[in-house]
């Protein structure tokens, strides 16, 4: 709860920095705020679970763990907005504050115990994303991305809210544990059709937020049109919060009806894996490839939901979210640095990068290998733990299909690596990509964290015991 209060108050304080004539204080101020929130959140790790707002919000180890991921991800991403500071970006204070406010929504999504609090959290997060998607007002693609995201997101929100209303009508409560009790209550047997329809509508609404197929159609265009810095935030923080909230919903509220929803979630999983990986193969833009990559990784995270394996699934989703977020931040950070100076986002823009900037090439290589699930990276153990949770429940066929899709993903993840190390630069006279010392340090940290998760996965693989 302290994290929510700090982000809300300091987000407002950060807005007043916008009155300054210089943007130079905004970046360090945002990082100090995030570091403070991250530290305060860790303090709650050993504290007893606390409920707020008449048990609508609960701060426990589950919420603290996933709050740590979203805050750490934002903290590692913020340094790559340095170009906005140098260029005197208008409204930069407002954009930073929107990110802080969106984290409030993300924390609500991982801490809720009431469907109304889930809805409020999703809306706080979503509205912020609608604004930052169109932050590059002079860019037609950015305007298109914001409009498409807003319109489709509004429909998804309406569907989600309708589903919540039907679930309430069938069970008579918004409280997660009481919903689960209402499902098994014989007195509510006649209302099961209403309950099942409500559950399906809620699944549709949340699946849209996490870019799961077949509700993914907005993702490639919105990711491509949104400024790369904010795309990275969408691809990591929004997805982590979405899956943490989704898992809590299934385990705490709908567990008694798993015989109904497990086949549904499995169908979404298979479709998401197929569309995400096959779609990524056909892309010529690295940014669109990363958009389809985000879709495919939603499929791998869905395997953890299908497993319904209690703490084993919770640990798998936590580890996967952490490894995925770190690798994705690294990939988008390199892409942003390259695209800002070369004004391109295709594979050819990475040609010869290993020769002109070995650090960027190395970090991008580590990120791609982790996203592909290659051993000695965090991504490998993320998939290993997720697949293990599913195998423990007997979903062998699903895991085999996921492994085949992982093999497909190696093709498109290796393409940037081949371009960087095996293709000559198109123009030898092009100046090397400029990277500040601070950004270089953060890039090295991202690569080290990815390798650390792959070498010592036990440090984070059993946070929920």
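So if I check each of 398, 369, which one is closer than 17 Å to residue 333 by Cα and surrounded by 16 or more Cβ atoms within 10 Å (Cβ to Cβ)? Steps first, answer last, please.
On the way: 398 fails: closer than 17 Å to residue 333 by Cα.
Being closer than 17 Å to residue 333 by Cα and surrounded by 16 or more Cβ atoms within 10 Å (Cβ to Cβ) holds for just one of 398, 369, which is 369.
Consider the stretch 332-362. How many of its residues are buried (at least 18 other Cβ atoms within 10 Å of the Cβ) and free of Cβ contacts under 8 Å to residues at least 12 places away in the same chain?
The number of residues fulfilling the criteria is 0.
Which of the residues spanning the stretch 111-123 are closer than 16 Å to residue 158 by Cα and touching a strand residue (DSSP E or B) at 6+ places or on another chain (Cβ under 7 Å)? Please lay out each step first, then the result.
Step one: filter the stretch 111-123 for residues closer than 16 Å to residue 158 by Cα, giving 115-123.
Those that are closer than 16 Å to residue 158 by Cα and touching a strand residue (DSSP E or B) at 6+ places or on another chain (Cβ under 7 Å): 117, 118, 121.
Tell me the residue from 201, 191 that is at pLDDT 95 or above, assigned to a helix (DSSP H, G or I) and surrounded by fewer than 23 Cβ atoms within 10 Å (Cβ to Cβ), please. It would help to see each step written out before you state the result.
Working: 191 fails: at pLDDT 95 or above.
Step by step, each of 201, 191 is checked, and only 201 is at pLDDT 95 or above, assigned to a helix (DSSP H, G or I) and surrounded by fewer than 23 Cβ atoms within 10 Å (Cβ to Cβ).
Let me spell it out: the conditions are (1) within 23 Å of residue 271 (Cα to Cα); (2) surrounded by fewer than 24 Cβ atoms within 10 Å (Cβ to Cβ), and residue 311 meets all of them except one. Which number is the exception?
Of everything listed in (1) within 23 Å of residue 271 (Cα to Cα); (2) surrounded by fewer than 24 Cβ atoms within 10 Å (Cβ to Cβ), residue 311 misses just condition (1).
Return a yes/no flag: does the stretch 124-136 have any residue that is more than 15 Å from residue 91 (Cβ to Cβ), in contact with a strand residue (DSSP E or B) (Cβ under 7 Å, 6 or more places away or on another chain) and modelled with pLDDT of 90 or more.
So far as the stretch 124-136 goes, no, none of its residues is more than 15 Å from residue 91 (Cβ to Cβ), in contact with a strand residue (DSSP E or B) (Cβ under 7 Å, 6 or more places away or on another chain) and modelled with pLDDT of 90 or more.
Tell me the residue from 120, 85 that is under 24 Å from residue 40 (Cβ atoms), part of a helix (DSSP H, G or I) and over 16 Å from the mean Cα position of the chain (by Cα), please.
Values: 85 fails: under 24 Å from residue 40 (Cβ atoms).
So the residue among 120, 85 that is under 24 Å from residue 40 (Cβ atoms), part of a helix (DSSP H, G or I) and over 16 Å from the mean Cα position of the chain (by Cα) is 120.
Look at residue 258 and say whether it is assigned to a helix (DSSP H, G or I), touching a residue at least 40 places away in the same chain (Cβ under 8 Å), under 19 Å from residue 460 (Cβ atoms) and over 18 Å from the mean Cα position of the chain (by Cα).
Numbers: assigned to a helix (DSSP H, G or I): yes; touching a residue at least 40 places away in the same chain (Cβ under 8 Å): yes; under 19 Å from residue 460 (Cβ atoms): no; over 18 Å from the mean Cα position of the chain (by Cα): yes.
Criteria not met by residue 258.
Tally time: how many residues in the stretch 300-316 are part of a helix (DSSP H, G or I), over 16 Å from the mean Cα position of the chain (by Cα) and more than 19 Å from residue 460 (Cβ to Cβ)?
1
Do you know which residues across the stretch 372-383 are within 16 Å of residue 452 (Cβ to Cβ) and touching a residue at least 60 places away in the same chain (Cβ under 8 Å)?
The initial filter retains those residues of the stretch 372-383 that are within 16 Å of residue 452 (Cβ to Cβ), namely 374-382.
375, 376, 377, 378, 379, 380, 381, 382, listed by residue number.
If residue 297 satisfies all but one of (1) touching a residue at least 24 places away in the same chain (Cβ under 8 Å); (2) over 14 Å from residue 332 (Cβ atoms), what's the number of the condition it fails?
(2)
Report whether or not residue 114 is without any contact (Cβ under 8 Å) to a residue 60 or more places away in the chain and more than 21 Å from residue 227 (Cβ to Cβ).
Details: without any contact (Cβ under 8 Å) to a residue 60 or more places away in the chain: no; more than 21 Å from residue 227 (Cβ to Cβ): yes.
Judged against the criteria, residue 114 is not a match.
Residue check: is residue 402 part of a helix (DSSP H, G or I) and at negative phi? If you could, list the steps in order and put the result at the bottom.
Values: part of a helix (DSSP H, G or I): yes; at negative phi: yes.
Considered against the rule, which asks whether it is part of a helix (DSSP H, G or I) and at negative phi, residue 402 comes out as yes.
Picking from 154, 142, 207, which residue would you name as being out of contact with any strand residue (DSSP E or B) (no Cβ under 6 Å at 6 or more places or on another chain), part of a helix (DSSP H, G or I) and farther than 28 Å from residue 301 by Cα?
On the way: 154 fails: farther than 28 Å from residue 301 by Cα; 207 fails: farther than 28 Å from residue 301 by Cα.
After ruling out the rest, the residue left standing is 142.
This table checks each residue for (1) surrounded by 16 or more Cβ atoms within 10 Å (Cβ to Cβ); (2) within 30 Å of residue 249 (Cα to Cα); (3) in contact with a strand residue (DSSP E or B) (Cβ under 6 Å, 6 or more places away or on another chain).
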residue: 35; (1), (2), (3): no, yes, no
residue: 75; (1), (2), (3): yes, yes, no
residue: 78; (1), (2), (3): yes, no, no
residue: 91; (1), (2), (3): no, no, no
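Has the stretch 150-166 got any residue that is closer than 30 Å to residue 23 by Cα and crowded, with 16+ Cβ neighbours inside 10 Å? Lay out the reasoning, then the answer.
Of the residues in the stretch 150-166, the ones closer than 30 Å to residue 23 by Cα are 150.
Retained after the next criterion (residues that are crowded, with 16+ Cβ neighbours inside 10 Å): 150.
Checked the stretch 150-166: at least one residue is closer than 30 Å to residue 23 by Cα and crowded, with 16+ Cβ neighbours inside 10 Å.
Hey, can you tell me all the residues within the stretch 450-465 that are without any contact (Cβ under 8 Å) to a residue 12 or more places away in the chain and either more than 15 Å from residue 65 (Cβ to Cβ) or crowded, with 18+ Cβ neighbours inside 10 Å (or both)?
Once the filter is applied, which keeps residues that are without any contact (Cβ under 8 Å) to a residue 12 or more places away in the chain and either more than 15 Å from residue 65 (Cβ to Cβ) or crowded, with 18+ Cβ neighbours inside 10 Å (or both), the stretch 450-465 yields 456, 458.
The conditions are (1) over 18 Å from the mean Cα position of the chain (by Cα); (2) crowded, with 23+ Cβ neighbours inside 10 Å, and residue 274 fails exactly one of them. Which is it?
All conditions pass for residue 274, except number (2).
Please determine, by comparing only the residues of the stretch 37-65 that are touching a helix residue (DSSP H, G or I) at 6+ places or on another chain (Cβ under 6 Å) and more than 15 Å from residue 1 (Cβ to Cβ), which one is surrounded by the most Cβ atoms within 10 Å (Cβ to Cβ).
65
Please state which one of 390, 441 is in contact (Cβ under 8 Å) with a residue 40 or more places away in the chain and assigned to a helix (DSSP H, G or I). Even if it seems obvious, please write down each step before you answer.
Working: 441 fails: in contact (Cβ under 8 Å) with a residue 40 or more places away in the chain.
Exactly one of 390, 441 is in contact (Cβ under 8 Å) with a residue 40 or more places away in the chain and assigned to a helix (DSSP H, G or I), namely 390.
The values are calculated or read from the model by the stated rules, or taken from the named source; none is laboratory data. Since the structure is predicted, the reported quantities are computational estimates derived from the model, not experimental observations. Cβ coordinates were reconstructed from backbone atoms using ideal geometry, including for glycine residues, and neighbour counts include every protein chain displayed.
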